[in-house]
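Shown next, in structure tokens, is the structure this report addresses.
The values are calculated or read from the model by the stated rules, or taken from the named source; none is laboratory data. The structure displayed is predicted, hence computed values, not measured ones. Using ideal geometry, Cβ is built from the backbone for each residue, glycine included, and neighbour counts are taken over all protein chains shown. For accessibility, only protein heavy atoms count, side chains too; no ligands or nucleic acids. Shrake-Rupley method; radii C 1.70, N 1.55, O 1.52, S 1.80 Å.
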Amino acid sequence: QVQLMESGGGLVQPGGSLTLSCTASGNYFAINAMGWYRQAPGKHREVVSAITSGGRSNTADSVKGRFTVSRNNSKNTAYVQMNNVKPQETAVYYCSADHKYELDPLKYDFWGQGTQITVSS
């Protein structure tokens, strides 16, 4: 019913910046909240950030002040601007979305394919 397409991952140097995009298609009118979680090999899934269609948002303490989430509802797209990235943030980043209003991407019903971000010099 809903498909999520992620883009923007890749290799970035420590201290660098990049932006992830997530675009919803299909029955995207059912979507309220969108966000990201990340998972490194052998690690638990970790919330990064989330935002509702009305602009209410939150970010994890570990990324607060460096990552900024935003949304363009007319394009059915959410973005996370990632600044001053750290090597330990190397992981697969997954977009997720749901009709829920909660700001917790781990609880959402729809997942993207994931995009690899490698932070290395």
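Could you tell me whether LYS64 is closer than 18 Å to ALA24 by Cα and open to solvent by 80 Å² or more (accessible area, probe 1.4 Å)? No, not satisfied. Residues in the range 5-20 that are among the polar types (S, T, N, Q) and either open to solvent by less than 40 Å² (accessible area, probe 1.4 Å) or more than 13 Å from GLN81 (Cβ to Cβ) (or both): 2 in all. Of the residues making up the range 40-61, those that are open to solvent by less than 60 Å² (accessible area, probe 1.4 Å) and under 24 Å from LEU11 (Cβ atoms) are ALA40, VAL47, VAL48, SER49, THR59, ALA60. For the range 11-72, the strands (runs of 3 or more DSSP E) that sit wholly inside it and include 1 or more residues that are closer than 12 Å to ASP104 by Cβ are 33-39, 46-51, 57-59. The set of residues from the range 56-85 being small (Gly, Ala, Ser) and modelled with pLDDT under 95 comprises just one member, SER74.
Taken over the range 73-91, the criterion of being open to solvent by less than 50 Å² (accessible area, probe 1.4 Å) and either part of a strand (DSSP E or B) or in contact with a Pro (Cβ under 7 Å, 6 or more places away or on another chain) (or both) is satisfied by THR77, ALA78, VAL80, MET82, VAL85, ALA91.
Considering only the range 21-36, state which residues are more than 7 Å from VAL2 (Cβ to Cβ), among the aromatic types (Phe, Trp, Tyr) and out of contact with any Cys (no Cβ under 6 Å at 6 or more places or on another chain). Matches in the range 21-36: PHE29 only. List every residue pair whose Cβ atoms sit under 9 Å apart, with the two residues 6 or more apart in sequence or on different chains, where the first one lies in the range 71-84 and is under 16 Å from TYR37 (Cβ atoms) and the second, anywhere, is open to solvent by 60 Å² or more (accessible area, probe 1.4 Å) and outside any helix (DSSP H, G or I). Within 9 Å, the pairs are TYR79/THR68; VAL80/THR68; MET82/SER17; MET82/THR68.
The residue that is most open to solvent (accessible area, probe 1.4 Å), among those in the range 92-113 that are among the hydroxyl-bearing types (Ser, Thr, Tyr) and part of a loop (DSSP other than H, G, I, E, B), is TYR101.
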